[in-house]
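Reviewing the structure listed below.
The values are calculated or read from the model by the stated rules, or taken from the named source; none is laboratory data. Just so it is clear, the structure is predicted and the values come from calculations on it, not from any experiment. Cβ sites come from the backbone with ideal geometry, for glycine too, and all protein chains shown count toward neighbours.
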Ligand code: UDP
Ligand code: MG
């Protein structure tokens, strides 16, 4: 890290999907906290992930009055992972902090994150000490998920850590080299490594609005995490196959011996049918698992961009209260993750 007097740029990346109820409160809370640290400049990169309410208008309005707020408007809802990717790609800061718009990630923690960063950490993780605001079901399934994920995958996911963290520019540049289109950000963040410290925090309930992650969406998210970072589910089918082949062989020997000793035994319809159905089921599940990975290969080979930008909004006025002219900058809208970007 360089000298204490450097004024460094911090980028907050805020994915927003139908957050019109909370977004005003978000800025009211966050901006004074960021302003209180004189050692940094900041920008807030808001990614509008295809909201259908007034989120975009609110964001554009705020960015028109505050040149530190930028808005990236995606062409449709691409999902939180893609929106985060967009924000991280656009952020210019020496450090980047992804943060939810609903104030569940406490902005009061940002000064602590910055302090650890100044002390030399490249990644500062914010870890939830308790999940009391989550339902019992969500808590137990989350705990079970981390156990399963960490057992199946070579990559260790730190428990109870969301996307809220501070990452140095070096980490962001490393992240930008990861080309996958199916993005499980938590895993990608962990995959790049770097010098990491953990800061505990208390996660609060949402200020307003509703969670965008239903049980079904979370389940798919969980599967995504495992298939992104582990091929154990694929490999396990080899062991499954070996095991069933072994039992089938034993049973075959038993039938032959019994036929030789006791003669031909015609009944057997029930056992035959149940064995047939059982193996039919086992095979279908196996094909399903293989299919999951083939699907991923298919998605990756299409090579489509992760997100498309409709427009970028930023006030270009140099902090003069006299000029009200608002300009909208148009930049090329699609981009693929390529090495020659920026
Ligand atoms: N989000 C998004 N796109 C989506 C879903 C969510 O950008 O398709 C944003 C959302 O606006 C919020 C953050 O991701 O800023 C976290 O969403 P939410 O609070 O619904 O998730 P939860 O806290 O319940 O896990
Ligand atoms: Mg939330």
Under 8 Å by Cβ, and 6 or more places apart or on different chains, what pairs join a residue from the stretch 201-214 that is touching a residue at least 24 places away in the same chain (Cβ under 8 Å) and closer than 11 Å to residue 102 by Cα with one that is more than 9 Å from ligand 1 (Cβ to nearest atom) and in a loop (DSSP other than H, G, I, E, B)?
204/103; 204/106; 204/133; 205/133; 206/103; 207/103
Given the conditions (1) farther than 30 Å from residue 42 by Cα; (2) touching a helix residue (DSSP H, G or I) at 6+ places or on another chain (Cβ under 6 Å); (3) not in a loop (DSSP other than H, G, I, E, B), every one holds for residue 156 apart from (3)
Checking the structure you have, find out if any residue of the stretch 106-127 is buried (at least 17 other Cβ atoms within 10 Å of the Cβ) and within 11 Å of ligand 1 (Cβ to nearest atom).
no
Subset of the stretch 179-235, residues surrounded by 14 or more Cβ atoms within 10 Å (Cβ to Cβ), in a strand (DSSP E or B) and more than 16 Å from ligand 2 (Cβ to nearest atom), comes to 196, 197, 198, 199
Please indicate, with yes or no, whether at least one residue in the stretch 112-119 is in contact with a helix residue (DSSP H, G or I) (Cβ under 7 Å, 6 or more places away or on another chain) and at pLDDT 85 or above.
no
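Within the stretch 284-292, is even one residue touching a helix residue (DSSP H, G or I) at 6+ places or on another chain (Cβ under 9 Å) and closer than 24 Å to residue 189 by Cβ?
Within the stretch 284-292 (the criterion being touching a helix residue (DSSP H, G or I) at 6+ places or on another chain (Cβ under 9 Å) and closer than 24 Å to residue 189 by Cβ), the answer is yes, since at least one residue qualifies.
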Output the residues belonging to the stretch 41-74 that are in a strand (DSSP E or B) and surrounded by fewer than 18 Cβ atoms within 10 Å (Cβ to Cβ).
41
How many residues does the stretch 6-40 hold that are within 14 Å of ligand 1 (Cβ to nearest atom) and assigned to a loop (DSSP other than H, G, I, E, B)?
3
Restricting to the stretch 75-86, and then to whatever is near ligand 1 (Cβ under 9 Å from one of its atoms) and touching a residue at least 40 places away in the same chain (Cβ under 8 Å), can you tell me which residue is surrounded by the most Cβ atoms within 10 Å (Cβ to Cβ)?
83
